[in-house]
Amino acid sequence: MRAPRSALRGPQLAGWTPAVPPKPRYRVRTEPDVAIPLADGTVLVGDVYRPDTDQPQPALLGWSPYNKDLMPTGVPAPFNEPGDVTYLAGCGYPVAVVNARGTGRSGGELPAEMFGPGEVDDLGATIAWLASQPWCDGRVAMTGMSYFAISQLVAAGHRIPHLAAIAPFGAATDLYRMMIYHNGTLTSGFLGRYVAINGAAQRARLRPAVRHALGHVVGTRPAQAAIRTAMARALPRLTRRLPVPEPWLRRWAAYALDAPFDGPLYRDASAWPRLGDIDVPVLIGSEWSMVGLHLFGAFDAWHAVTAPKRMFIGPRWSRWPFLRYQQEIAAYYDHVLRGVDNGYDALPPIRYWLHGAERWESAEDWPVPDARPWRLHLTGEELSGSAAAADERWWAAIPPGMEYPGAFDGHHVLRYRTAPLPVHAHLAGPAHLTLRMTSTAMDTHVQVRLSDVAPDGTATVISVGWLPASHRAEDERRSTPTEIVHDHTRPTALTPGEPVTLRMSLAPFAQLVRAGHRLQLEIGSDPVRLAPPASDYVYFGMAGPPYAARNTVLHGSRLELSVRGELPW
């Protein structure tokens with residue numbers, strides 16, 4: 001059968017050129033709706049794309065609960081994330097895109113939880129099945145981003161036999177604090193759309209010829225642009241209107257209603273407890289845009305994985321299907337699975353895109369060893385090197401849906417700015433905010449946004465962060481140099497009017513702030529007003545402040561950044 005359209009888009013290599021570039025050298029055979037029997041009699045179903053050769057090859061698995069029938073169509077939706085399977089198969093890697101139990105054409109029932117013990121068993125059985133196929137040489141690796149990427153870390157953490165290497169791109173390592181209750185706040189915009197869109201999509205049944213024919217139409221640039229525009233307009237309404245199957249509604253309720261605090265449901269299903277058990281080579285990939293889900297996961301994996309590893313963080317990007325960095329992934333697998341001398345072993349451990357300079361940089365570790373701390377104090381309306389006392393300032397926390405006088409709009413956000421920088425500043429690394437504050441409520445939501453402001457006033461968002469004040473207790477055991485991790489098992493109410501200290505991490509970033517530019521820090525409680533631009537970032541709506549409150553910033557608040565090279569002051 002005709003293979004899906006191959007259309008690599010976006011950046012493909014993270015700042016290098018392989019000595020032996022990966023190139024499609026095989027015609028691709030497509031085997032749709034292949035049955036994968038499990039020990040309990042359940043049959044999973046997947047599509048197999050394999051090179052037209054009789055020589056056994058290392059195989060790749062793309063695993064998710066997203067309806068595989070829609071993926072060859074090229075539809076630019078956030079479930080179309082296994083990668084360019086035609087390109088990868090053409091490079092000599094058989095690819096199987098398999099639906100998890102109870103999804104797509106696979107048998108069984110979808111469990112309420114993601115990555116529960118049953119799913120891990122099914123994942124192991126599928127890898128064993130792949131390894132036993134005559135066209136596989138017994139070694140299996142994996143492909144894809146988001147759910148497809150998380151499944152790679154889960155599989156490797158469980159040391160599933162036959163798994164030889166992984167390349168997770170955009171993988172949250174903690175289902176609670178990075179996905180569903182991001183830093184303790186319900187990421188309702190993600191969870192609602194995830195369940196509604198993917199649940200409704202389960203009903204689609206496309207004949208193989210139709211799937212692949214659509215890919216040659218929908219995959220064109222004009223069609224992609226038109227569909228993206230239509231989806232952007234429709235998304236706000238889709239969550240409420242799509243018909244969602246009962247198993248997917250149970251999944252939504254299990255997280256949104258039944259488990260608002262961290263615990264076994266999240267811990268047992270997350271990758272983080274077993275990252276140190278991974279014993280196969282790992283290529284960690286992400287993008288600076290993934291502040292709403294996966295960015296912290298890349299650094300969490302970097303700090304915890306002890307197996308051979310490399311990491312790259314690419315420029316901001318927020319489009320689907322996932323068709324970028326396919327050459328990077330193929331070159332990586334060529335090196336670790338085939339032993340191709342393509343220069344991969346000479347690459348630095350970390351490569352990252354430096355926004356503002358628009359170039360790739362490298363580092364031996366993260367945080368970057370040669371970076372120096374830069375502390376900026378919140379004084380008056382300034383971010384300065386001096387901790388001089390200044391008048392206290394306050395902002396209003398307004399719960400979603402609360403009516404208030406429009407003339408009050410000027411009190412939602414506080415802004416602090418540096419003086420114009422006298423030299424270029426190469427900012428790269430973690431960003432931590434220490435906020436001394438009081439609130440008139442027993443809990444409040446703190447949302448912050450950091451921007452690079454040009455002399456003409458144009459502001460470019462470079463990082464965001466948020467934390468409910470009741471989740472301020474820190475988990476020192478799990479914190480890393482990149483992230484202050486909080487204890488989300490037992491919230492601690494505020495005492496109205498009593499000063500507290502919140503320490504929180506903004507999303508890590510890399511930005512060249514040019515001489516004459518300023519840094520601007522905004523603090524408030526409105527996740528919409530302080531959202532990063534959707535054109536550059538993957539970010540979802542969240543619950544926001546639970547109570548109306550006056551929140552006051554006290555003396556002693558500061559922002560800590562990392563600078564490579566000369567400090568501005």
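The values are calculated or read from the model by the stated rules, or taken from the named source; none is laboratory data. What you see is a predicted model; the values in this text were computed from it and never measured. FYI the Cβ positions are ideal-geometry reconstructions off the backbone, even for glycines, and counts take in every protein chain you see. For the accessible areas, the whole protein counts, side chains as well, though only heavy atoms, and no ligand, DNA or RNA atoms are used. Shrake-Rupley method; radii C 1.70, N 1.55, O 1.52, S 1.80 Å.
Protection proxy ranking, highest mean first, for peptides 77-90, 180-193: 77-90, 180-193, where packing is the per-residue count of other beta-carbon atoms within 10 Å, averaged. Spacing of the modelled spin labels on residue 229 and residue 515, each 7 Å from Cα toward Cβ, amounts to 4.4 nm. For the chain, the longest principal axis of the C-alpha atoms and the axis of helix 221-241 are separated by about 70°. For a label point 7 angstrom out from the Cα of residue 458 toward its Cβ, which stretches of the stretch 397-430 have the backbone nitrogen within less than 19 Å? Answer for the stretch 397-430: 420-421, 424-425. When the trypsin sites (Lys or Arg not before Pro) in the stretch 436-516 are filtered for DSSP coil states and for at most 12 other beta-carbon atoms within 10 Å of their beta-carbon, the remaining sites are 477. Counting only GluC sites (Glu not before Pro) that DSSP places in a loop and that have at most 14 other Cβ atoms within 10 Å, the longest clean stretch of the chain runs over 110-357. Summary value for the stretch 445-507: 31 percent relative contact order, contacts being C-alpha pairs under 8 angstrom separated by 6+ residues.
Once the Cα atoms are used to define both axes, helix 246-256 deviates from the longest principal axis of the chain by about 30 degrees. Of all beta bridges that DSSP places with both ends in the stretch 265-417, some 45 percent have antiparallel geometry. Helix 117-131 versus the longest principal axis of the chain: what is the Cα-based angle in degrees, 0 to 90, to the nearest 10? The helix 117-131 is inclined about 40 degrees to the chain.
Of the peptides 294-307, 271-284, the order by per-residue mean of other Cβ atoms within 10 Å, starting with the highest, comes out as 294-307, 271-284. Solvent exposure of the stretch 191-309 amounts to 44 Å² per residue of accessible area, where only protein heavy atoms count and the probe is 1.4 Å.
Checking every one of the trypsin sites (Lys or Arg not before Pro) in the stretch 13-114 against DSSP loop status and a limit of 15 other Cβ atoms within 10 Å picks out 25, 27. Ignoring ligands, DNA and RNA, please state the percent of accessible area on the stretch 266-325 from carbon and sulfur, probe 1.4 Å. Answer for the stretch 266-325 is 48 percent, counting heavy atoms of protein chains only. Dividing the mean sequence gap of close Cα pairs (under 8 Å, 6+ apart) by how many residues the chain holds gives a relative contact order of 16 percent.
Where a ≥ b ≥ c are the square roots of the eigenvalues of the C-alpha gyration tensor, would you call the stretch 35-176 rounded, which needs a/c under 1.5, or, failing that, prolate if a/b is larger than b/c, or oblate? It is rounded, given that a/c, with a ≥ b ≥ c, falls under 1.5.
Based on C-alpha pairs under 8 angstrom that are at least 6 apart in sequence, the stretch 123-229 has a relative contact order of 17 percent. Using a/c under 1.5 as the rounded threshold, could you call the stretch 175-315 rounded, prolate or oblate? The axes a ≥ b ≥ c are square roots of the C-alpha gyration tensor eigenvalues, and prolate needs a/b larger than b/c, oblate otherwise. Oblate is the answer for the stretch 175-315, as a/c is 1.5 or above yet b/c matches or exceeds a/b. Only one of (1) 49, 40, 26; (2) 41, 27, 21; (3) 55, 25, 20 was calculated from the structure for semi-axes √(5λ) of the Cα gyration tensor in Å, and its label is (2).
Looking at the chain only, what percent of DSSP beta bridges run antiparallel? Nearest 5 please. Around 75 percent antiparallel, to the nearest 5.
Modelled this way, with points 7 Å down the Cα-to-C-beta line, the labels at residue 238 and residue 479 are 3.9 nm from one another. Assuming R0 = 60 Å, what is the FRET efficiency of residue 389 and residue 121, from their Cβ-Cβ distance, to the nearest 0.05? Calculated transfer efficiency: 0.50.
Can you tell me how the stretch 393-514 classifies by the Cα gyration tensor, rounded, prolate or oblate, using a/c under 1.5 as the rounded cut? The shape class here is oblate.
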